[in-house]
Amino acid sequence: MKSESNLEKVLSAGHFAFTGELGPPRGANAEEVRKKAAFLKGNVDAVNITDNQTAVVRMSSWAASLILIQEGLEPNFQMVCRDRNRLAMQSDILGASTHGIKNMLCLSGDHQSFGDHPMAKSVFDIDSIQLIGMVKQMRDEGIFLSGNKLDEAPKMFIGAAANPFAEPYEWRVLRLAKKIAAGADFIQTQCIYNMDRFREFMKRAVDMGLTEKCYILAGVTPLKSVGMAKYMAGSVPGMDVPDELIERVKGAGKGKAAEEGIKIAVEQIQEFKEMEGVAGVHLMAIEWEHRVPEIAKMAGVLPRPVV
């Protein structure tokens, strides 16, 4: 049984979706989640709650998702394969659905060597494609991965991630196709800076008929500074930041790099609204939640549809 999430309704009605993201705190402070959530309310259709992103310990995704529901926002609960085996995953999926969480993003997870517990043991009992298939099987067939029947199926709108820029590039669309075949209802991409390469990626996805089977949301992350642009270009695996973009942010002048970064993000969103096969945008503001209302307004995606 499919969920009746707000995000699913927005997409199925043919509206251009606009989702946001919230990183949970590195502590037990619910007010920090509420403070960030206040900037997103009314400006996005759903909010991704990250799951120990960059392998750094934070409040759990499902717990922060429950706070979002209390605040009148729809969470997109994230789950990574790094930290749980299939028993824990299925248990958390049932628990999340029980509490009214209706969207889920299935991810591999950043390797623990990048985070604050590099000696932690990774699990990777199943991979992200198998996780997608597991959630779909639980939802549509009411069966655990073991083959046993469950009492009541979880209602989840199933999401997955795609990176159009990781090497080998020619395999990126084929990996996307595998995730869709496994059961992904929607896809959120890695943040996009190389628009030329993304246009090629989307053309291939459209030509293969993938956009008729799944909703693709293009990832956008505003560049806050020249330093951030250079870091993204040189230190983040699978990221493609063209030199001309770095020069544009640099050329904005002292104290104006952040505004130029927002201007670039707005231009991207406006282009994505017209790009064939793109069903929406996933805005990853990264500790810049307070600027989401302004970006949404400038990009012309407000007011959000009521469905």
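The values are calculated or read from the model by the stated rules, or taken from the named source; none is laboratory data. Fair warning: this is a prediction, and the values are worked out from it, not measured in the lab. Please note: Cβ atoms are built from the backbone with ideal geometry, for glycine as well, and neighbour counts cover all protein chains shown.
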Worksheet item: Is there a residue being touching a strand residue (DSSP E or B) at 6+ places or on another chain (Cβ under 6 Å) and under 30 Å from Met232 (Cα atoms) anywhere in the stretch 169-183?
Response: yes
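Results for (1) of a type in the set (Lys, Arg); (2) modelled with pLDDT of 95 or more; (3) surrounded by 21 or more Cβ atoms within 10 Å (Cβ to Cβ), shown as yes or no for each residue.
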site: Lys273; (1), (2), (3): yes, yes, no
site: Gly280; (1), (2), (3): no, yes, yes
site: Val292; (1), (2), (3): no, yes, yes
site: Arg304; (1), (2), (3): yes, yes, no
site: Val307; (1), (2), (3): no, no, no
Fill in: Residue tally, condition free of Cβ contacts under 8 Å to residues at least 40 places away in the same chain, surrounded by 18 or more Cβ atoms within 10 Å (Cβ to Cβ) and more than 23 Å from Met134 (Cβ to Cβ), over the stretch 173-203
3
Worksheet item: With respect to Ile101, is the statement that it is surrounded by fewer than 19 Cβ atoms within 10 Å (Cβ to Cβ), under 19 Å from the mean Cα position of the chain (by Cα) and not charged (D, E, K, R) true?
Response: no
Worksheet item: Under the condition of being of a type in the set (D, E, K, R) and either within 21 Å of the chain's Cα centre (by Cα) or closer than 22 Å to Phe157 by Cβ (or both), which residue from the stretch 205-235 is modelled with the lowest pLDDT?
Response: Lys224
Worksheet item: With respect to the numbered conditions (1) under 29 Å from Pro305 (Cβ atoms); (2) surrounded by fewer than 17 Cβ atoms within 10 Å (Cβ to Cβ); (3) touching a residue at least 40 places away in the same chain (Cβ under 8 Å); (4) among the polar types (S, T, N, Q), which one is the sole condition not fulfilled by Asn43?
Response: (2)
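Just to check your reading of the model, which residue among Ile286, Ile262 is at pLDDT 95 or above and of a type in the set (Val, Ile, Thr)?
None of the others qualify; the one that does is Ile262.
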Discussion item. What's the number of the only condition in (1) closer than 30 Å to Glu276 by Cβ; (2) touching a residue at least 60 places away in the same chain (Cβ under 8 Å) that Gln78 fails to meet?
Written reply: (2)
Practice prompt. Please work out which residue is nearest to the chain's Cα centre (by Cα), limiting yourself to the stretch 104-129 and to residues that are of a type in the set (Val, Ile, Thr) and closer than 26 Å to Glu152 by Cα.
Written response: Ile129
Discussion item. For the stretch 13-24, which positions are buried (at least 16 other Cβ atoms within 10 Å of the Cβ) and out of contact with any Pro (no Cβ under 6 Å at 6 or more places or on another chain)?
Written reply: Phe16, Ala17, Phe18, Thr19, Gly20, Glu21, Leu22, Gly23, Pro24
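Select the helices (runs of 4 or more DSSP H) contained entirely in the stretch 128-245, then report the ones holding at least 3 residues which are under 30 Å from Val292 (Cα atoms).
Because the criterion is at least 3 residues that are under 30 Å from Val292 (Cα atoms), the helices (runs of 4 or more DSSP H) in the stretch 128-245 that meet it are 172-182, 195-207, 226-235.
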Worksheet item: What pairs come up if the first residue lies in the stretch 229-258 and is in contact (Cβ under 8 Å) with a residue 60 or more places away in the chain, the second is exposed (fewer than 12 other Cβ atoms within 10 Å of the Cβ), and their beta carbons are under 9 Å apart, counting only those six or more places apart or on different chains?
Response: Gly238/Glu167
Response to the item:
From the option list Gly251, Gly238, single residue qualifying as among the small types (Gly, Ala, Ser) and either surrounded by 19 or more Cβ atoms within 10 Å (Cβ to Cβ) or more than 18 Å from the chain's Cα centre (by Cα) (or both) is Gly251
